[in-house]
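Okay, structure first, notes after.
The values are calculated or read from the model by the stated rules, or taken from the named source; none is laboratory data. Small disclaimer: the values here were computed from a predicted structure and weren't measured. A quick note on method: Cβ atoms are made from the backbone with ideal geometry, for glycine too, and the neighbour counts reach across all protein chains shown.
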């Protein structure tokens, strides 16, 4: 059985005589920081500098870090040791800080929690999902903050889009007046402006999706290298793309309707300035 053991000193001792062939596993961040590889012989001890009490082991594996948001900013290095070896080095004996239990069926979880919590006073069992929620509180706050920024951005961009559409339509006052004098109905003029606004909105949203996808790739590349984790910090998903295109289309059509209705209600001669 292998368990994580964080509070230990790892000392390279290539010149010491070999006293043990037991193996340990370390995470990839630890291996990169200490320049270690599979097959290296190292000494492990409970305290830095305790070479006399150190155990000689061989690095048998380098494991990939999991995508756990709660461990991203901690910067811990992880080593996995055999249970008896961990007990001897840590001096804990038969004590443990925490352990995990797997159940065969989801229906057994409640009964298992109840039985464990009634065994003795001083410890408590939790569901793994509850622990994940508690350790992700910070990320939930960040998510709400980003959602608020998104709402503000959408409102501001819709106002900006409406102003742009009004200005663009105002520049075409004479064209719209000429169409009206030629017998083109108001509904046809409004429909043409709406179609034009919808096309521009769809093209703009597609450009925004490409830009967002490229930005997401850069963000993941930078922060995965910085924190040495496979966790994705930015994801562009089909629901996000659908929401972006839908909002862009709705706002574009709405801005086109408001801008066009203002001009088609004005008599054509007034649009010419007469």
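Scanning region 209-266 for residues that are part of a loop (DSSP other than H, G, I, E, B) and either touching a helix residue (DSSP H, G or I) at 6+ places or on another chain (Cβ under 9 Å) or on the phi > 0 side of the Ramachandran plot (or both) turns up 228, 229, 230, 231, 232, 233, 234, 235, 236, 265, 266.
Across region 81-102, what is the number of residues that are surrounded by fewer than 10 Cβ atoms within 10 Å (Cβ to Cβ) and within 20 Å of residue 63 (Cβ to Cβ)? The number of residues fulfilling the criteria is 4. Listed by position, the strands (runs of 3 or more DSSP E) contained in region 1-71 that have at least 3 residues being modelled with pLDDT of 65 or more are 23-27, 41-45, 55-63.
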